[in-house]
Amino acid sequence: MTLNQLIFRNIKKNLKHYYVYIFALVFSVGLYFSFVTLQFDPALDDATSGIRGAAAIKSGSILLLAIVSVFLLYANNLFIKRRSKEIGLFQLIGMTKGTVFRILSVENFVLYIGSLVVGVFAGFSMSRLLMIILFKVTGVKDVATLRFSSEALLQTLVVFALIYILILIMNAVFIKRQSILSLFSVTTVTQQRVQKMTMFQVVIGVVGILLIACGYYLSTQLFKGVILSNYLFTTMVVILASVIIGTYLFYKGSVSFIFNLIRKRKGGYLNVNDVLSLSSIMFRMKSNSLLLMIITTLSALSIALLSLSYISYYSVEKTVERTIPADFTIPNSERAMEFTQALEEKNIDYTETATDLITSPVDLSKVMTMPGEVTGDQSYANTRMIVISEQTVLEVDVEEDEVMFINSDPLMEKFMQFQTDQQAIFQGREHSYDLTFTGTKDLVVLPTRITYNFPVAVVDDLVYKQMQDDQDISFTSEFTVYHGVNIVQKDELEKANDIFNKLEINIWAGHESKYEGRINLKQSVGITMFIVGFLGLAFLITSGCILYFKQMDESEDEKSNYTILRKLGFTQSDLLKGIQKKQLFNFGIPLVVGLLHSYFAVKSGWFLFGTEMLTPMIIVMLIYTALYSIFGLLSVINYKRVIKDSL
């Protein structure tokens with residue numbers, strides 16, 4: 001038999017092992033090619049109105065490359081270990097290690113070429129769907145076309161050629177380091193089996209849980225008090241280290257410790273379901289602790305990033321309403337008149353609000369403080385603040401000696417505290433105005449571009465007129481008036497926006513269109529969510545596959561145990577109940593721990609990204625859990641096949 005005949009005979013013989021490896025290759029190629037195709041699609045930049053979509057996708061493709069590379073290298077490592085006995089037999093019949101390496105290399109090359117062709121075709125077919133999704137989430141009104149990119153094909157071929165070289169190096173190192181004897185025992189030493197709980201394992205189990213709890217607690221205090229003022233970065237590092245190390249120790253000892261307590265409560269009397277689930281997990285999770293820690297940590301990171309990006313996307317409307325309250329912001333009377341006249345010529349009905357603005361020096365040292373401020377370095381004694389009359393804000397009524405703040409940003413209130421019944425001293429050219437601060441009101445009347453995201457003071461109309469006459473002429477401000485124009489019929493907004501742009505009013509500082517602001521924000525947040533979502537999905541599938549491959553490996557190792565149990569009289573149904581319980585723990589524990597990690601991570605800083613946390617985060621978690629559960633079901637189906645074949 002020639003070497004070529006031997007190679008193709010091996011491929012045909014080991015097809016049942018190859019299909020897992022082939023799936024990993026096809027999936028990785030298709031995922032990467034479809035994503036990179038978007039990068040070279042000219043419709044992307046044209047459709048996203050100046051947003052550098054291709055640049056963002058290029059950055060995402062680098063992260064995607066890292067994900068698929070690790071996935072393929074792991075799949076290859078698992079695959080070659082499953083074939084270790086076959087490699088040992090080749091050497092026993094006289095083949096050199098170089099010959100064995102050439103056989104594996106040619107086999108890999110044949111599989112690689114076939115998988116590349118299928119993967120590129122699958123990726124090409126999927127690229128239009130991805131473009132449709134991208135246009136949908138960014139609100140772009142364009143038609144997605146199916147376009148083959150030769151640049152994307154070349155980049156994909158180069159990338160996977162490099163991965164193929166890495167796989168060859170990995171195989172060469174594996175074959176060189178293994179002796180014939182060790183090749184026949186590789187699959188039997190992949191799992192460490194612990195026969196008895198030691199005191200050390202109990203200690204690290206408890207420490208692991210305590211470290212995770214410590215990280216959770218610190219995350220809830222991250223933007224509060226002294227931590228925010230002085231130890232923010234240090235605390236973030238401590239949280240990260242505490243949770244990661246705690247997760248590793250959790251798998252190293254906590255799981256075995258908890259299940260050992262459950263076993264003791266049963267008095268040592270375990271049924272077949274307990275033996276197949278609790279005992280198996282106790283003895284295997286310790287050896288898989290590093291892998292499970294990495295998967296759990298990255299899963300938590302993936303869920304957290306997905307949640308935060310969706311929080312931003314979910315909050316687009318509310319964010320725009322807070323930052324640009326009127327349909328059109330024009331802080332100039334002449335341009336406002338020009339715009340309204342143009343609207344009248346086009347018979348577009350509108351309403352207009354005009355507000356005079358005073359920017360006054362003010363001493364807020366008694367009114368505003370930073371939470372946990374102990375050093376006194378931050379001073380609010382010399383601050384500038386916009387002042388308006390209560391006559392322009394019907395919802396506010398203040399006395400002559402009072403002042404109320406509006407336009408207060410919820411995010412700002414996380415970092416600053418307002419002390420009511422304290423004095424705010426406004427300084428004029430000749431007089432000062434000592435007013436009692438009565439509190440803040442959740443009311444937005446001026447755009448963020450004019451207020452610079454700082455609260456606006458509302459005073460009595462009489463006091464306002466006095467302050468207006470007493471302004472220091474040497475003290476200049478960028479904006480002295482605000483015109484807010486609202487279109488009555490919202491279906492005429494686009495037409496009004498065209499007039500706004502045609503008059504080139506939008507080129508002036510502070511002149512904004514809510515219509516365009518909504519589109520721009522939705523596009524920027526949407527493309528971020530699309531990339532994060534795609535990478536999150538890629539990691540979800542790859543990590544799920546890794547756990548599934550691991551379970552396939554374990555099922556083959558335990559096949560002899562199922563044979564013995566079947567001969568003792570246990571039915572397939574009896575064994576399957578224990579297997580289902582085992583897979584619930586195998587896939588459920590990393591999922592639950594990852595969800596908890598992500599919850600506390602999101603909860604600590606979600607307000608930096610949007611206006612609502614629970615609904616977007618729950619939606620992301622439910623979708624992630626549903627997709628993740630598919631791999632648990634596939635694992636149960638695989639075990640069912642192994643149990644059936646055990647006799």
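For N497, the shell of other residues with beta-carbons less than 10 Å away shows a net charge of -2, using +1 for Lys and Arg and -1 for Asp and Glu. Two tests apply to each whole DSSP H helix in the chain, Cα reach of 27 Å or more along its axis and mean Kyte-Doolittle hydropathy of at least 0.0, and the ones passing both are 15-39, 53-82, 97-138, 150-177, 199-220, 289-314, 514-557, 572-605, 614-645.
For Y313, the solvent-accessible surface computed with a 1.4 Å probe is close to 50 Å², ligands and nucleic acids excluded. Computed over the alpha-carbon atoms, region 444-512 gives an Rg to Rh ratio of 1.06, Rh here being the Kirkwood radius from the mean inverse distance.
Of the whole protein surface, K81 contributes about 70 Å² of accessible area at a 1.4 Å probe radius.
Sort region 407-455 into rounded, prolate or oblate with this rule: let a ≥ b ≥ c be the square roots of the eigenvalues of the Cα gyration tensor; rounded if a/c is under 1.5, and if a/c is not under 1.5, prolate when a/b is larger than b/c, oblate otherwise. Intermediate values should be presented prior to the final figure.
Details: a/c = 2.34, a/b = 1.41, b/c = 1.67.
Taking the square roots of the gyration eigenvalues as a ≥ b ≥ c, region 407-455 is oblate.
Dividing the summed helix terms, -39500 (n - 2.57) for each DSSP H run of n ≥ 4, by the number of residues in the chain produces a 222 nm estimate of -21500 deg cm²/dmol to the nearest 500. The residues E321, E395, E558, sorted by heavy-atom accessible surface at 1.4 Å with ligands and nucleic acids left out, run E395, E321, E558 from largest to smallest.
Quick check for you: with a 1.4 Å probe and neighbouring chains kept, what is the accessible area per residue of the chain, in Å²? Before the final figure, lay out the partial values.
On the way: 31230 Å² over 647 residues.
For the chain, the solvent-accessible area averages 48 Å² per residue.
Measuring with a 1.4 angstrom probe and ignoring ligands and nucleic acids, D434 comes out at about 90 Å² accessible.
Of the peptides 359-365, 415-421, 249-255, the ranking by mean beta-carbon count within 10 Å, highest at the top, reads 249-255, 359-365, 415-421.
For R177, R384, R265, R83, the ranking by accessible surface with the largest value first comes to R265, R177, R384, R83, using a 1.4 Å probe.
Quick one, can you get me the convex hull of the C-alpha atoms of region 410-542 expressed as volume per residue in Å³? Kindly include the intermediate steps, with their values, before the conclusion.
Values: hull volume 26.9 nm³, N = 133.
Output value, Cα hull per residue: 203 Å³.
Report, in listed order, any pair from K577/K603; K252/K567; K81/K252; K441/K490 with a Cα-Cα distance greater than 31 Å. Too far apart for the 31 Å limit: K577/K603; K252/K567.
Shown here are the Rg and Dmax of the Cα trace of region 62-129, at 16.0, 52 Å.
With 18 Å as the limit, the listed pairs K136/K495; K318/K522; K136/K522 have K136/K495 beyond it between alpha carbons.
If you sort M337, M126, M613 by accessible surface, 1.4 Å probe, largest first, the order is M337, M126, M613. Quick note on the chain: its Rg to Rh ratio, both from C-alpha atoms and Rh being the Kirkwood radius, is 1.09. Our summary gives the chain a relative contact order of 19 percent, counting only alpha carbon pairs under 8 angstrom and 6 or more residues apart. Charge tally for A152 (other residues, Cβ to Cβ under 14 Å; Lys, Arg +1; Asp, Glu -1): +1.
Normalise the Cα radius of gyration of region 547-647 by 2.2 N^0.38 Å (N = residues in it) and let me know the number.
Working: Rg = 18.6 Å, N = 101, 2.2 N^0.38 = 12.7 Å.
The value comes to 1.46.
The values are calculated or read from the model by the stated rules, or taken from the named source; none is laboratory data. Note that the coordinates shown come from a computational prediction; the quantities given were computed from them, not determined experimentally. Heads up, the Cβs are rebuilt from the backbone with ideal geometry, glycines too, and the neighbour counts pull from every protein chain shown. Ligands, DNA and RNA are excluded from the accessible area calculation, which covers all protein heavy atoms including side chains. Shrake-Rupley method; radii C 1.70, N 1.55, O 1.52, S 1.80 Å.
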